[in-house]
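Inspection log for the structure reproduced underneath, given as structure tokens.
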Amino acid sequence: MEVTPNHTQTVTGWAALDQESGKVEPFIFKRRENGVDDVTIKVQYCGMCHTDLHFIQNDWGITRYPLVPGHEITGVVTKVGANVSGFEVGDRVGVGCISASCLDCEHCRRSEENYCDKVTLTYNGVFWDGTVTYGGYSSVLVADKRFVVRIPDNLPLDAAAPLLCAGITVYSPMKRHGMLRSGGSLGVVGLGGLGHVAVKFGKAFGLRVAVISTSPAKEREARERLKADDFIVSTNQKQMQAMTRSLDYIIDTVSAKHSLGPILELLKVNGKLVLVAAPDQPVELPSFPLIFGKRTVSGSMTGGLKETQEMLDLCGEHNITCDIELVSTDRINEALARMARNDVRYRFVINIGGNSSKL
Ligand code: NAP
Ligand code: ZN
């Protein structure tokens, strides 16, 4: 496709400029003018996903610098193109991990744009016009209407922001594997951004939920605030053994290298583990716990646009939001450092718009 960017809007943001610093700094760049199918969004909030940290540090070896991270974006529409009918100026909207796809393959036609082999990520992707995409650590976003969702009126834009990635990433496999029915038991490994939303969804849909964590200090909150039924410290053999063959499903959100072996032992025979985490090193997958329990390990990558809207609407109905720590734009690096040492309850959200109260 011809590279003819109509990129004349000046936008302020925050970018990682190289792999070495591990930080972001103020960055002025250009975005395209609002096209006929586009929606321009004044960004109010952007969640900080562990994926942002992986990309900033070039953990996966695919980062294009300068990198403007951010794919848990909420804000208000300020402009709509001539072909846009679903959105109006003033609407409260969100953009997640995806900003374009081919629109024509079997996956796109089923609104599984996330599995299109031409999927363009909201940052570090290559857009239709050939330019590299810049994410939500920025004041303004121009997004194609097909990749924008509505935030239900009753959800605040800050605590809803992480639903755009953390929320849909756990919701999609929960739905696909039939977990959203009461009566089953779910283990959530890693109580961070993704994990804490998985616990909330599990409880909202009537599951018995066990948190499997490396952080004993999270137990009280997990039980009292998040209403987890069980809390197991994964390094405690006794606790792990007591839970052997007790769970129907597990969602693994651990951002660092680990073994699935001990975790698989917690599944019942025929149980299912969904790996959503993406550590920079391969996870260990020993065969014995897999074959002796006829267990399944599968993966899942965020979710399609239709499913994202469905998840947001359900969150509206059940009043589900994320537990966040709001960060001002001059403290993004502090938050990144805390995320790297597993010190966040449970998602940092950048107050891009500088709002003093929840929108
Ligand atoms: P996060 O908020 O940092 O949470 C990760 C959790 O993993 C931590 O809270 C911690 O839980 C556990 N953990 C961290 N370091 C660990 C270590 N060294 N050993 C054992 N456990 C450790 O991260 P997140 O934003 O939820 O993202 C989690 C992972 O999912 C990342 O790899 C991210 O890139 C990936 N991701 C994938 C998708 C997808 O589409 N599949 C979407 C978004 C994110 P405890 O303290 O409870 O042990
Ligand atoms: Zn994410």
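For this structure, a couple of remarks:
- Take the Cβ atoms of Ser328 and Lys306, set R0 to 35 Å, and the FRET efficiency comes out at 0.50.
- For Ala100, residues with placed amide H under 5 Å, excluding near neighbours: Thr120
- 14 Å beta-carbon shell around Thr133, net charge (K/R +1, D/E -1): +1
- Ranking Gln44, Ile332, Leu155 by how far each Cα lies toward the positive end of the dipole of the chain (charges on Cβ) leaves Leu155 at the top.
- Folded to 0 to 90 degrees: helix 166-176 orientation relative to the chain principal axis, Cα: 60 degrees
- Shape category assigned to segment 11-117 from the gyration tensor of Cα positions, a/c cut at 1.5: oblate
- Measuring between alpha carbons in the structure, the pairs from Lys200/Lys306; Lys30/Lys145; Lys42/Lys257; Lys175/Lys268; Lys79/Lys203; Lys145/Lys175 lying more than 28 angstrom apart are Lys42/Lys257; Lys79/Lys203.
- Anisotropy class of the chain from Cα gyration tensor, a/c 1.5 cut: prolate
- Proximal charge balance of Ala337 [Cβ under 9 Å; K/R count +1, D/E count -1]: +1
- Net charge contributed by nearby residues that have their C-beta within less than 13 Å of His71 (K/R +1, D/E -1): -1
- Of all accessible heavy-atom area on the chain, the percent that carbon and sulfur account for (1.4 Å): 50 percent
- Three-way shape label, segment 171-299, alpha-carbon gyration tensor, a/c 1.5: rounded
- Of all DSSP beta bridges confined to the chain, the antiparallel ones make up roughly 55%.
- Residue list for segment 245-267, given a label point 7 angstrom along the Cα-to-Cβ vector of Asn342 and an amide N cut-off under 18 Å: 251-264
- Label-to-label distance, His318 versus Arg109, with points set 7 angstrom from Cα along the beta-carbon direction: 3.2 nm.
- Per residue, the chain exposes 42 Å² of accessible surface when a 1.4 Å probe is rolled over the protein heavy atoms with every protein chain present.
- Considering only Ser101, Ser85, Ser172, the Gaussian network model of the chain with Cα springs below 10 Å gives its largest mean-square fluctuation to Ser85.
- Which of Leu207, Gly299, Pro279, positive extreme of dipole for segment 171-299 (C-beta unit charges): Leu207
- Added length on full extension, which subtracts the Cα-Cα distance from 0.36 nm per residue, Asn83 to Ile28: 16.9 nm
- Rounded to whole Hz, the Karplus (6.51, -1.76, 1.60) HN-Hα couplings of segment 55-65, x for glycine and proline: 5, 4, 7, 6, 4, 9, x, 10, 6, 9, 8
- Backbone geometry of segment 260-271 corresponds, through the Karplus equation with coefficients 6.51, -1.76 and 1.60 at θ = phi - 60°, to 3J(HN,Hα) couplings of 7, x, x, 6, 4, 4, 6, 7, 5, 4, 6, x Hz, x marking Gly and Pro.
- Spin-label zone in segment 27-59 - amide nitrogen under 17 Å from a point set 7 Å from the Cα of Asn351 along the C-beta vector: 43-48
- Simple label model, 7 Å out from Cα along Cβ direction - Ala217 to Ser259, nm: 2.7 nm
The values are calculated or read from the model by the stated rules, or taken from the named source; none is laboratory data. All values reported here derive from a predicted model rather than from experimental measurement. For neighbour counting, all protein chains shown are included, and Cβ atoms are generated from backbone atoms with ideal geometry for every residue, glycine included. Each accessible area value is taken on the protein alone, full model and side chains, heavy atoms only, with ligands, DNA and RNA left out. Shrake-Rupley method; radii C 1.70, N 1.55, O 1.52, S 1.80 Å.
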